[in-house]
Amino acid sequence: MATIKCKNITFTNIQAILFDKNGTLENSEVYLRSLGQKAARIIDAQIPGIGEPLLMAYGINGDTLDPAGIMAVASRRETEIATAAYIAETGKGWFDSLRTARQALDDAEKYIGITPAPLFTGVLEILQSLSAPGLKLGIVSAASTQEVTNFVTHHQLSNYIQAQIGVDDGPSKPDPILFFQACQTLGVEPSATLMVGDAVGDVQLARNAKAAGCIGISWINKPHNVQGADVVISRLDEIQIVEG
């Protein structure tokens with residue numbers, strides 16, 4: 001058990017901390033923006049005029065990505081469905097729309113590559129320091145399980161990240177089943193586990209799972225993106241162990 005302090009908020013009897021991946025540990029903005037832009041261009045080439053509305057739906061405006069938009073927080077399945085809905089508005093049948101959306105996203109991924117994005121500054125160090133006293137750490141992400149695994153492997157985090165939970169065909173955030181799966185993997189209770197994330201979905205996930213609390217992080221100084229978090233930080237090293 002550990003006591004965790006962030007700013008003026010203290011969490012006691014903590015056994016584990018779960019992290020979101022995109023936008024929390026991984027600086028994925030450029031990758032996700034490029035993915036959305038490429039997918040929109042591919043679809044626009046088939047259905048002229050749909051590209052711009054798709055970009056708006058994805059949360060992409062020029063060279064900026066809305067951290068609360070579809071491309072930033074939705075699972076792959078949710079992104080496919082949202083994309084297909086825009087295609088279906090043009091009169092295409094639903095299954096054709098879904099097939100077109102899935103193919104465009106697949107082709108966009110192949111075009112830009114799927115190498116994990118870089119870690120935010122200081123992430124490796126904070127994972128090392130938090131795991132040292134025996135805290136169990138995991139990732140709960142809307143990305144696919146394979147993407148989470150690739151991320152951990154690429155950045156050599158397997159010594160610190162003991163639970164790697166992604167979304168494949170099942171529910172996505174804020175369904176608490178994801179949190180429960182991570183806790184089961186780590187052998188801890190949700191009530192002794194903290195969530196750290198950069199989106200409202202992470203906050204709601206923690207609430208739905210009756211977690212020990214939620215630490216919101218906003219690297220870009222937009223605390224409203226994690227409204228409802230117990231505390232909001234701008235750097236992960238603000239998570240401090242005050243006693244073990």
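Rule-based calculations on the coordinates, nothing more; no lab input. Here the structure is a predicted model, which means the values were calculated and not measured. Neighbour counts are summed over all protein chains in view; Cβ atoms, including those assigned to glycine, are modelled from backbone coordinates with ideal geometry.
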Net length gained if the chain between Ser234 and Thr64 were fully extended (0.36 nm per residue, minus Cα distance): 59.3 nm
Rounded to 10°, Cα long-axis angle of helix 76-88 versus longest principal axis of the chain: 30
Taking only Cα atoms of region 29-112, radius of gyration then Dmax in Å: 11.4, 32
Whole-number percent relative contact order across the chain, with pairs defined as alpha carbons under 8 Å at least 6 apart: 26
Value at 222 nm in deg cm²/dmol, rounded to 500, when DSSP H runs of n ≥ 4 in the chain each add -39,500 (n - 2.57): -12500 deg cm²/dmol
Tilt relative to the chain, helix 94-112 - C-alpha long axis, 0 to 90 degrees, to 10: 70
Extension gain (nm, one decimal) between Met1 and Thr185, 0.36 nm per residue minus Cα-Cα: 64.5 nm
P(r) histogram, all alpha-carbon pairs of the chain included - 5 Å bins from 0, percent: 1, 7, 14, 18, 19, 15, 10, 7, 5, 2, 1, 0, 0
Debye, to nearest 20: dipole size of region 29-112, +1 on Lys, Arg Cβ, -1 on Asp, Glu Cβ: 220
Radius 13 Å from Cβ of Leu98, net charge of other residues (Lys, Arg +1; Asp, Glu -1): +1
Cross-link reach list, lysines versus Lys110, counting only Cα pairs under 30 Å and skipping chain neighbours closer than eight places: Lys21, Lys38, Lys92, Lys173
Relative counts (whole %) of C-alpha pair distances in region 103-169, using bins that are 5 Å wide: 3, 15, 22, 25, 16, 9, 5, 3, 1, 0
Expected-Rg normalisation [2.2 N^0.38 Å, Cα atoms] applied to region 127-244: 1.01
Residue order, fewest to most beta carbons within 10 Å, for Lys7, Lys21: Lys7, Lys21
Max mean-square fluctuation residue, GNM over the chain, Cα-Cα springs under 10 Å, options Glu89, Glu29, Glu80: Glu89
Highest-MSF residue in the chain out of Asp106, Asp198, Asp20 [GNM, Cα springs under 10 Å]: Asp106
Signed unit charges on C-beta, dipole axis of the chain, positive-most listed residue Thr90, Pro133, Gly113: Pro133
